[in-house]
């Protein structure tokens, strides 16, 4: 089971190692029509089926529209804790039986929690799909939650938090930056939860949370692979259709007010090298500016040809790595982050100066046609090449369905292709402003933790 900070992003379905291939403009892939069937059961469950008969395999995913954004201070981390508990078994399939049945048939399974979703998935031969339908519908309706299982999984989650924060300086800094950047919205607290909250959560809290959010009306069932939608819908109705609809899900009304001045935090702790993050409030997919912002983030931090890589890493050797991250498909307005791991014996102040110079260049000098096309090709290729995988096509269906409409997938390529150099310059002016920025600097003090990671994807590194 893995927990993510907004890591299921339209722009991250394949690794940025594609950058080398895309160093010159490539022919753009054409859009295709997917054979998708969508239905809604009387209990509110959304069912999306993608037929793909190229191989006798299937992926099944259950998307619950609940994550850290649905929590309250005092119970942060409860979504991720419940994800763990969903593997604790039912009266029909006891502890460990779910995993054993899937693995005995050559399948795989896992789950993840983000700010916006909790997702469970299995990949298996199509001949075993009936078993998956029974397993997932059974634990949706009949999960057993008892004190022994609760205490065991709570200890596991608390240990995850200790390993992820105490031993990972980058994650520790990211938590502090998020908390400073968001003053009113739940994106400001970590998906894995604050330790004090994890200690205080009770079994009754989890039961009430599950009764509220783990209902058919708050879930999306995605099935993709060697299936027939006509036959499959009848099986879905037979397994999931009898589950009670459940109460209405509370609406998240929190909105982050505009930031009116730079916020700056310093974190002093054991680490090997300084780490730097600059985070800007930006809109999500609901804004037309989201496509230029996606391209902007690639121009700055997407691969070897990106500006931060060339200037800060290669030319000036001030940092070991630099990155830009933007999750366009966040449910609510996210942060666009620029992060750096400072090189040994180099002042972080020098790296910051060069970083902000690169940001100002985007505002004052339009990107070249070649650079713009390279960035657009990279974004498009990530999106299209991810569709070669049955699993990631199902992920895209679930992600966009959770946003409100899976057919939003068809807007991505046209939206990216339409981005102009003038738009990139405009969104840089609009959002990459000093007063809209939260800066976090990790200052190493003492020996680094033994498990410290050298990763630089500071905003979306998973917890195992």
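Points worth noting:
- Considering only residues in region 315-335 that are more than 23 Å from residue 290 (Cβ to Cβ) and in contact (Cβ under 8 Å) with a residue 12 or more places away in the chain, the one that is surrounded by the fewest Cβ atoms within 10 Å (Cβ to Cβ) turns out to be 317.
- Filter result for residue 141 (under 19 Å from residue 92 (Cβ atoms) and out of contact with any helix residue (DSSP H, G or I) (no Cβ under 8 Å at 6 or more places or on another chain)): yes
- Complete set of residues in region 95-125 that are out of contact with any helix residue (DSSP H, G or I) (no Cβ under 6 Å at 6 or more places or on another chain), outside any loop (DSSP other than H, G, I, E, B) and without any contact (Cβ under 8 Å) to a residue 40 or more places away in the chain: 97, 99, 100, 101, 102, 103, 104, 108
- Only listed residue being farther than 30 Å from residue 53 by Cβ and touching a strand residue (DSSP E or B) at 6+ places or on another chain (Cβ under 8 Å), chosen from 324, 317, 330, 288: 324
- Counted residues, region 75-103 - those being under 13 Å from residue 209 (Cα atoms) and out of contact with any strand residue (DSSP E or B) (no Cβ under 8 Å at 6 or more places or on another chain): 5
- Only residues that are within 24 Å of the chain's Cα centre (by Cα), at pLDDT 80 or above and not in a strand (DSSP E or B) were counted across region 12-66, and they come to 4.
- Top-ranked residue of region 295-312 - restricted to ones that are under 21 Å from the mean Cα position of the chain (by Cα) and in a loop (DSSP other than H, G, I, E, B), ranked as modelled with the lowest pLDDT: 303
- Residues in region 67-94 that are assigned to a loop (DSSP other than H, G, I, E, B) and under 18 Å from residue 137 (Cβ atoms): 8 in all.
- Candidates in region 302-314 are the residues that are out of contact with any strand residue (DSSP E or B) (no Cβ under 7 Å at 6 or more places or on another chain) and without any contact (Cβ under 8 Å) to a residue 12 or more places away in the chain; of these, the one that is surrounded by the most Cβ atoms within 10 Å (Cβ to Cβ) is 310.
- Among the numbered conditions (1) closer than 27 Å to residue 149 by Cα; (2) more than 20 Å from the chain's Cα centre (by Cα); (3) touching a residue at least 12 places away in the same chain (Cβ under 8 Å), the only one that residue 236 does not meet is (1).
- Filter pass, residue 264 being touching a residue at least 12 places away in the same chain (Cβ under 8 Å) and out of contact with any helix residue (DSSP H, G or I) (no Cβ under 7 Å at 6 or more places or on another chain): yes
- Between 196, 231, the distinction of being assigned to a helix (DSSP H, G or I) and farther than 29 Å from residue 152 by Cβ belongs to 231 only.
- Any hit, region 268-283, residues being part of a loop (DSSP other than H, G, I, E, B), surrounded by 19 or more Cβ atoms within 10 Å (Cβ to Cβ), in the same structural domain as residue 42 (by TED's automatic domain parsing) and at pLDDT 95 or above: no
The values are calculated or read from the model by the stated rules, or taken from the named source; none is laboratory data. Quantities reported herein were computed from a predicted structural model and do not represent experimental measurements. Positions of Cβ are generated from backbone atoms using ideal geometry, with glycine treated the same way; all protein chains shown enter the neighbour counts.
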